[in-house]
Amino acid sequence: MLTSSSEQVGGSGPGRFKTGMRSENIAVRPDASSARRLLPPPALEKSVLRQLLVRPIQQTQEQGPGYWLRTAHDNGLTDPSWLLGTNKPYTQPTLRVCPLCLTQHEPLWCKTWLDRTMPICADHQVWLVDQCHACQKPLRWGRVRFLACRCGQDLRELRARELTPDVRIALTMENVPLHVLLWLGAFERYGMNDKPLKKASRQVLSEVIELAQTGSTVVCDWPAALFQTFDRQRVDSRTASSLALLNEALPGIAKRIGKIRDAGWRAKINGALRAYVLETRHTSTPLIGRNVPGSHPPTLASLAKGVGVGPMRLASAIDQIPESGVRHRHTAGGRCRRVASPATAAAARRALDDEMGLKPAARLIGFTVTRLRRLIQEGRLSAHRGHVSRSALEELRTSLTKKISTERLPADCIPFDRALRYWIPVERTSQLLVALQSGELMLYGSPHTGAAMHVLVRESQVRAWVSMQPPADRDWLTIPECAQRLMLKQEVVYHLVNVGVMPAEVIRADRRKARVVKVGALRFFEDHIESLSRAAVRAGVDHRRGFEWAQAKGMELVSGPRIDGGRQYFVRREVLLDAEGAHPSKELTKATSGSPKRPAHLR
């Protein structure tokens, strides 16, 4: 089927080759080519080799296409494509070579270069090369010779990248498959949203090398490096202290791990993920997930049963523990899910044991519930959900029992609860505690007071202490105190209160109900209303002719014998200033703008 033609001797073409004695041009006819394709591969190889002068023997570790490249090179063929016509590996569009192997005394194209899962030369510990550094094109069967690229670049001069120490350790000592290294590297570089498995299936060696080196750094620092990768790839939760599901923080992580082909490393990565979820319980952003075995924390019902309280009470106590690290998640159904450890539940149980009701707490220190609420309102005691801290109450009780005197009882001693009932107002309870703790008021009795405090105080000392307490902390005055401040008779002030010229309120003061005047209302009265006698004297008019003078000036009288039956006339201060030829200043208007509203009959 292969013929020699004298017409083609000395010609040129892809099939021309030289020998030591003569030059021949071997051509394949179209019909002969068609017939040749019908031959079995072994017979075809024998028919081609029969026409060649140099017939090398194929080595055991030599690949088939590489053997034909070497055969063409040994026979001096400039283009060996016609020899590879029926032996091209069409399933491998690109090829990979080791430049160091080609520099050996008898170079061969090794079979291991065809393994797409391991692009590494085991003899020289370098990555294979799949691109010509001169023309920047990938190495393909139609562009390579045995030792050179079609552009003329010597394949032996290509630069092969050495394996880094991390890659060597991962592949040899840790026995990590290359595809697992690529998966870890793709997950580290691209995360969950960029399909790491698709990125890891790339065949370009430059990308394979980068992913393998990145994955080897994760393997060499296992599992801390993988935990850091999980932290970087997590999707932020809606709130900083909320409890997130694993599938929300790392979408599709379990599915992607399940696609790893190596069963051992698939289980190892799943174990690292489980350990990561358990470790997040000690952080501000814990994770839970049904698809991670062992990640379920103990339920609130089981924790409540273990400490002997109800679930709702335990949940409320856990929520009140400061710096407990408990995180919450509100489900779609409106339920609140908590992650708490048994240690947290035990701390909540201790907090519940420390709680005490108001009534037993009041009996413990000898106070009424009203006084106890007053102490809580003023911050002297801490309370939660209607309960007082037992430890804080015991500390207060101890501070009082230390002040009990064991000396001989004075003649005017009375029970402490009686002094509270008759002489000490509720709003002065905090001041009373300060006086008792400082020793200003003496307590008498036995230091061992039992479950409740039964102590005595001196009646004369209590009365003197109450009389000396200034009313500076009050925002109200009694009607006699208002009369003393305004330098008026009490009957006149009572009449002003009764007719509404001076607003008053009814409050519980000093153990009884009483009408009092707020400080703001009294200041408003002083700024806007004045007795007519004082106004007349200030204007140089005889106070006995004050009524006629007021009528002549057109002043507005707000109270008096002819107005509401009062004993004394009162006039509005603004009208008085207008009648005298002056006008109220803007500063006075601003100063009184925030004062209480005037009574209806004064507007």
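A short reminder: the numbers here are calculations on the coordinates, not readings from a lab. Just so we're clear, the structure is a prediction, and the values are computed from it rather than from any experiment. Virtual Cβ from ideal backbone geometry, glycine too; neighbours counted across all protein chains shown.
How large is ³J(HN,Hα) for each residue in segment 57-68, as worked out from phi by the Karplus curve 6.51 cos²θ - 1.76 cosθ + 1.60 (θ = phi - 60°), to whole Hz, x for Gly and Pro?
Result, rounded to whole Hz: 9, 6, 7, 5, 8, 9, 7, x, x, x, 5, 5.
Quick one: putting +1 on the C-beta of Lys and Arg, -1 on the C-beta of Asp and Glu, what dipole do you get for segment 97-187 around its Cα centre, in Debye to the nearest 20? Intermediate values should be presented prior to the final figure.
Working: 11 positive and 9 negative charges, 99 e Å.
Computed charge dipole of segment 97-187: roughly 480 debye.
How far apart, in nm, are two points set 7 Å out from the Cα along the Cα-to-Cβ line at E395 and at R463?
Modelled inter-label distance: 3.8 nm.
What is the distance, in nm, between label points placed 7 Å from the Cα along the Cα-to-Cβ direction at E556 and at R380?
Going by the 7 Å Cα→Cβ label model, 4.7 nm.
Given R₀ = 30 Å, FRET efficiency for D221-E248 by Cβ-Cβ distance, to 0.05?
0.65
Rounded to the nearest Å, what's the spacing between the alpha carbon centres of segment 114-136 and segment 219-236? Just the number, please.
30
Report the FRET efficiency, 1/(1 + (r/R0)^6), for V499 and D417, where r is their Cβ-Cβ distance and R0 is 45 Å, rounded to 0.05.
On the way: r = 42 Å, r/R0 = 0.94.
Working from the Cβ atoms, E equals 0.60.
Using 0.36 nm per residue, how much length does the chain from R189 to E491 gain when fully extended, once their Cα-Cα distance is taken away? Numbers along the way, then the final one.
Working: separation 302, 0.36 × 302 = 108.72 nm, distance 9.07 nm.
The R189-E491 span can extend by a further 99.7 nm.
Give me the distance in nm between label points sitting 7 Å out from Cα along the Cα-to-Cβ direction at I57 and L278, one decimal.
That separation, rounded to one decimal, is 6.2 nm.
Taking neighbour counts of Cβ atoms within 10 Å as a proxy for exposure, in what order, fewest first, do H282, H73, H384 appear? Present the calculation step by step, with values, prior to reporting the outcome.
Values: H282 9, H73 18, H384 13.
In increasing order of surrounding Cβ atoms, one gets H282, H384, H73.
For each pair in K403/K513; K111/K259; K359/K403, compute the distance between the two Cα atoms and list the pairs where it is over 32 Å.
Details: K403/K513 34 Å; K111/K259 29 Å; K359/K403 24 Å.
Long pairs (Cα-Cα over 32 Å): K403/K513.
Among V541, V455, which comes first, second and so on when ranked by fewest other beta-carbon atoms within 10 Å?
Values: V541 18, V455 22.
In increasing order of surrounding Cβ atoms, one gets V541, V455.
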